[in-house]
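Here the structure comes first, spelled out in structure tokens, and everything after it is commentary.
The values are calculated or read from the model by the stated rules, or taken from the named source; none is laboratory data. From a predicted model like this one, the values you see are computed outputs, not experimental measurements. Please note: Cβ atoms are built from the backbone with ideal geometry, for glycine as well, and neighbour counts cover all protein chains shown. These area figures cover heavy atoms from the full protein model, side chains too; ligands, DNA and RNA do not enter into them. Shrake-Rupley method; radii C 1.70, N 1.55, O 1.52, S 1.80 Å.
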Amino acid sequence: MNKRPNILLILNDDMGYSDLGCYGGEVATPNLDRLAAGGLRFTQFYNTARCCPSRASLLTGLYPHQADVGLMTGNDDVDGYRGDLSRRAVTIAEALKPVGYAAYMSGKWHVSHSFDKPGNWPNNRGFDDHYGIIVGACSFFDPPLVRNGVRIEPEDDRYYFTDAVSDEAVRQIRQHAASQPSRPFFQYLAYTAPHWPLHALPEDIGKYKGRFDAGWDRLREERLARMIEMGLLPEGSELTARDPSQPPWEAAEHKAWQTRRMEVYAAQIDRMDQGIGRVLEALEQTGQMENTLIFFLADNGGCAEELSRAWMGLRDQKTRDGRDVRLGNDPAVMPGAEDTYQSYGVPWANLSNTPFRQYKHWVHEGGIATPLIVHWPAGIPARGELRRTPMQLPDIMATCLDVAGVEYPHEYNGNTIQPLEGFTLRLCFDDDTGKRDVLYWEHEGNRAVRQGRWKLVSKHPGGWELYDM
């Protein structure tokens, strides 16, 4: 192909492996399902179990420790854990610049020090235009917004962050088509949905009323059956056991509150999918859909964190109109509104990660397995097929450089750049072939290595477990 493709990289936050409709879940995701039907779904693609390390690895094609974000964005004064994206790494946006790509970002950054070091924010790492947040988690109704390095406030009382992230991406795509139609672009669309707090709009929550009343045990079984029917899992696959800390659904307390938690979580994903639909519409209306390579994936598995005031360590918060925010998972408070701050917790994360065990933070499959959808009408002949080749986050950057015909730099802005760790996914576009032989993980002392069918994993503190995958 002579013309370089546009690249749209969509990342969402804290979503389990099987939440999307096209991966067996209950959430209505027609736009992502459409991309899957017209492209590829990967069944063994992996992130790195936590938001900051995954984003650093995704953006640089390195392992997170090489990018200096081995943990979060605090500075531990140790190489690999400086919490600020390394200058010995280049971002996808920076690497694509030499061949003329424009670069846009809408959404969550979270790979540099929050508000004390703006020199490492998106506009200083290759992006021409950025709207979103620098931090990790925040209110969906009143987030700490930044536009091109300058703090701004939400536009009005109807503000909802997921909608704004989608709308800004639409604006960037349309403006690019109008002003630079012959120039390719790289668009990084990084949602916070469905990360806690459980904040969603009433009309979206209402769509899921009663959908989860059957409870986590039955819904996990139903998901497994759908995943087998879809071919995502082989015949005879079995569920991992329910998390031992959780009761069977029949014995669960506060059922109305429990189902409401999952209803709000589903509504967050639903709203994201609606926004992705508007982004796809913008590509279609500007004539750019055919030659745009689209990726969709999540930064880690479902999040089992149960929020409490003590756990969060947050000071009292106020809503935009001055009301107190009711912090923590209190069954007396139904989540969803701006004056609540809750998570969906262990039992529903167990559902989100069906059929796997463990969660965000850990490098068992429930923490690192992500859906990956790849769609490119002009470059992927397959439609609706599955790819089972195990691949990992650094491979996204390798693929972007491959399709754009770009050499990975050895030096950038006077800094020696570490070698690329990724392998291109392009080999998988025609058939189920990949070059990656070994995959590695480490986060908070949780470690794993996989070679071929064998995976060796350790949950810190603890011994090693060997699995035939």
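With r as the distance between the Cβ atoms of Ala225 and Thr433 and R0 = 30 Å, compute the FRET efficiency 1/(1 + (r/R0)^6) and round to 0.05.
Values: r = 30 Å, r/R0 = 0.99.
Computed FRET efficiency for Thr433 and Ala225: 0.50.
With each pseudo-label sitting 7 Å past Cα toward Cβ, what's the Arg158-Trp454 distance in nm, one decimal?
Between Arg158 and Trp454, the label points sit 6.0 nm apart.
Work out the FRET efficiency for Tyr408 and Arg218 from their Cβ-Cβ distance, taking R0 = 56 Å, and round it to the nearest 0.05.
0.70
Lysine pairs in the chain with Cα distance under 21 Å, only those 8 or more apart or on different chains: how many are there?
8
Treat region 93-171 as a sphere of radius equal to its Kirkwood radius over Cα pairs and apply Stokes-Einstein at 10 °C in a medium of 1.306 mPa s; give the translational diffusion coefficient in µm²/s, rounded to a whole number.
121
Using the Karplus equation 6.51 cos²θ - 1.76 cosθ + 1.60 (θ = phi - 60°), what ³J(HN,Hα) coupling, rounded to whole Hz, does each residue of region 440-457 give in order, writing x for Gly and Pro?
Once rounded to whole Hz, the list reads 10, 8, 7, 8, 6, x, 7, 10, 7, 9, 10, 10, x, 8, 9, 10, 10, 9.
Hey, what's the Kirkwood Rh for the chain if you take every pair of different alpha carbons, in angstrom?
Value: 22.3 Å, from the Cα pair sum.
Write out the chymotrypsin sites (Phe, Trp or Tyr not before Pro) in region 94-177 meeting two conditions: DSSP loop, and at most 14 other Cβ atoms within 10 Å of their Cβ.
For chymotrypsin sites (Phe, Trp or Tyr not before Pro) across region 94-177 that sit outside H, G, I, E and B with at most 14 neighbouring Cβ atoms in 10 Å, the list reads Phe115.
For Leu293, enumerate residues with amide H under 5 Å from its amide H, sequence gap 5+ or separate chain, H modeled in the peptide plane.
Under 5 Å from the amide H of Leu293 lie the amide H atoms of Asn6, Ile7, Leu8, each far enough along the sequence or on another chain.
Could you work out the local net charge near Leu372, counting Lys and Arg as +1, Asp and Glu as -1, over the other residues with Cβ closer than 9 Å to its Cβ?
Summing Lys and Arg as +1 and Asp and Glu as -1 gives +2.
Can you give me the distance in nm between label points at Thr416 and Ala332, each placed 7 Å from the Cα along the Cα-to-Cβ direction?
Rounded to a tenth, the inter-label distance reads 6.2 nm.
Taking amide hydrogens as modeled 1.01 Å from N in the peptide plane, which residues meet the under 5 Å criterion relative to Tyr104, leaving out close sequence neighbours?
Sorted by chain and number, the residues that satisfy this are Asp128, Phe186, Gln187, Tyr188.
To the nearest 500 deg cm²/dmol, what mean residue ellipticity at 222 nm is calculated for the chain from DSSP H runs of n ≥ 4 alone, each contributing -39,500 (n - 2.57), summed and divided by the residues?
-8000 deg cm²/dmol
Applying 1/(1 + (r/R0)^6) with R0 = 41 Å to the Cβ-Cβ distance of Leu239 and Ser179, what FRET efficiency is obtained, to the nearest 0.05?
Calculated transfer efficiency: 0.20.
Taking the Cα centre of the chain as origin, sum charge times position over the Cβ atoms of Lys and Arg (+1) and Asp and Glu (-1), and report the length of that vector in debye to the nearest 20.
Dipole size: approximately 540 debye.
So, for the chain, what is the accessible surface per residue at a probe of 1.4 Å, expressed in square angstrom?
About 37 Å² of surface per residue is accessible.
Tell me which residues come under 5 Å, amide H to amide H, from Asn300 once H is placed; ignore anything under 5 positions away on its chain.
Long-range HN contacts for Asn300: Asp14, Met15.
Over all Cα pairs of region 311-368, how is the pair count split among 5 Å bins, expressed in % and running from 0 up to the last occupied bin?
In whole percents, the pair-distance histogram is 4, 17, 20, 17, 13, 14, 10, 4, 1.
With the dipole of the chain worked out from charges on the C-beta (+1 for Lys and Arg, -1 for Asp and Glu) around the Cα centre, which of Leu96, Gln342, Pro381 lies farthest toward the positive end?
Leu96
Sketch the reach of a paramagnetic label on Arg388 as a point 7 Å from Cα along Cα-to-Cβ, and name the residues of region 16-53 whose backbone nitrogen lies under 11 Å away.
Once the point is set 7 Å along Cα→Cβ of Arg388, 43-44 turn out to lie under 11 Å by backbone N, inside region 16-53.
Starting from 0.36 nm per residue, how many nanometres of slack lie between Lys318 and Arg87 once their C-alpha separation is accounted for? List each step's numbers first, then the result.
Details: separation 231, 0.36 × 231 = 83.16 nm, distance 3.75 nm.
Answer, rounded to one decimal: 79.4 nm.
Under the rule that an exposed site lies in a DSSP loop and has at most 11 other Cβ atoms within 10 Å, name the longest stretch of the chain with no GluC sites (Glu not before Pro) of that kind, not counting the sites themselves.
The reported range is 1-154.
In whole percent, and with a 1.4 Å probe on the protein chains, what portion of the accessible area of the chain is carbon and sulfur?
C and S atoms contribute 50 percent here.
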